[in-house]
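Written below as structure tokens is the structure these notes are about.
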Amino acid sequence: MFSVSPEDVLLGLKATSQEEVVHLLCEHLAAQKDIVPGYEESLLEREENYPTGLVLGEVCAAIPHTDPQYARTTKLVVAALANPVAWKNMEDPDEQVEVSVVVLSLFDKPEKQLEALQKIMGIIQDQSALKKVLNASNVDEVVRIFN
Amino acid sequence: MERKTVIVCCASSMITSTVAVEKIKEVAKAIGAPEPNFIQCKFSEVLGNLATNRVDLIVPTGKLKGIETDVPIVKGTAFITGVGEQAVLDKIAEELKK
């Protein structure tokens, strides 16, 4: 199953928009050489047309992902945002949802995507788990929730 | 109950629609309906599939834009979020029973 590495947990991420969150996550992935050029553009375009903001309850999340050709590896990156940002709603791109937790899934092979989504669904469908991620004081708490 | 044809569609990568297909299979089983014939495709391929198939139900995991059809549409986003999932399952069961 998918696990989350401590270095892929970003706590208190400061951003004011959906695009800025995506940019910061892409910088993180680029620094680790996990993506190739074109990934950020691909992710932004996909979010524009097929957004991933999800209405879940008190704590809402977004699950950005895109096609595998820009990825060099398979992993999840978890970000707890310092303040919620407006994210386009998967249910209706003309609506927005205030997102506080972002779980980005990166895959280099399409067949890994279902497993990644199932892992993510297990967390995002559990408000108490999402709140723990949001309020975590260190990355190991988040790693424990995901692993 | 006759066997229904269901279009299950998502943005591109066939992941969320795969989750939805599994849920719909479970619904069919639970109500004793035959397992539907699934057409799994991208949002952009729905119109083409509607033109070439007799479709009983469309379950998109997201917003299906620019599609005008008499075929009932039940949004399957709840299969990802878990929010309101039972209501969606009930609606799908209703369509499968028709």
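The values are calculated or read from the model by the stated rules, or taken from the named source; none is laboratory data. From a predicted model like this one, the values you see are computed outputs, not experimental measurements. FYI the Cβ positions are ideal-geometry reconstructions off the backbone, even for glycines, and counts take in every protein chain you see. What goes into the accessible areas is simple: the full protein's heavy atoms, side chains included, and nothing from ligands, DNA or RNA. Shrake-Rupley method; radii C 1.70, N 1.55, O 1.52, S 1.80 Å.
Descriptive notes on the structure:
- Residue check for A:Ala71: more than 11 Å from chain B (Cβ to nearest Cβ) and within 16 Å of A:Leu134 (Cα to Cα): no
- Selection over segment B:2-51 of residues that are open to solvent by less than 30 Å² (accessible area, probe 1.4 Å), hydrophobic (A, V, I, L, M, F, W, C), in contact (Cβ under 8 Å) with a residue 24 or more places away in the chain and in a helix (DSSP H, G or I) gives a count of 7.
- From the list A:Val142, A:Val55, A:Val99, the one residue that fits, being closer than 15 Å to B:Val83 by Cβ, open to solvent by less than 10 Å² (accessible area, probe 1.4 Å) and not basic (Lys, Arg), is A:Val99.
- Count - residues of segment B:12-44 that are more than 14 Å from chain A (Cβ to nearest Cβ) and among the charged types (D, E, K, R): 4
- Residues located in segment A:88-114, provided they are in a helix (DSSP H, G or I) and either more than 10 Å from chain B (Cβ to nearest Cβ) or more than 14 Å from the chain's Cα centre (by Cα) (or both): A:Pro110, A:Glu111, A:Lys112, A:Leu114
- Of the residues making up segment A:1-28, just one is at pLDDT 95 or above, of a type in the set (A, V, I, L, M, F, W, C) and open to solvent by 50 Å² or more (accessible area, probe 1.4 Å), namely A:Leu11.
- Residue match in segment A:29-44 (condition: within 10 Å of chain B (Cβ to nearest Cβ) and surrounded by 15 or more Cβ atoms within 10 Å (Cβ to Cβ)): no
- Qualifying residue in segment A:115-132 (condition: open to solvent by less than 40 Å² (accessible area, probe 1.4 Å), touching an Asp or Glu at 6+ places or on another chain (Cβ under 7 Å) and not in a strand (DSSP E or B)): no
- Options A:Glu48, A:Glu40: the member that is part of a helix (DSSP H, G or I) and either small (Gly, Ala, Ser) or over 12 Å from A:Leu106 (Cα atoms) (or both): A:Glu48
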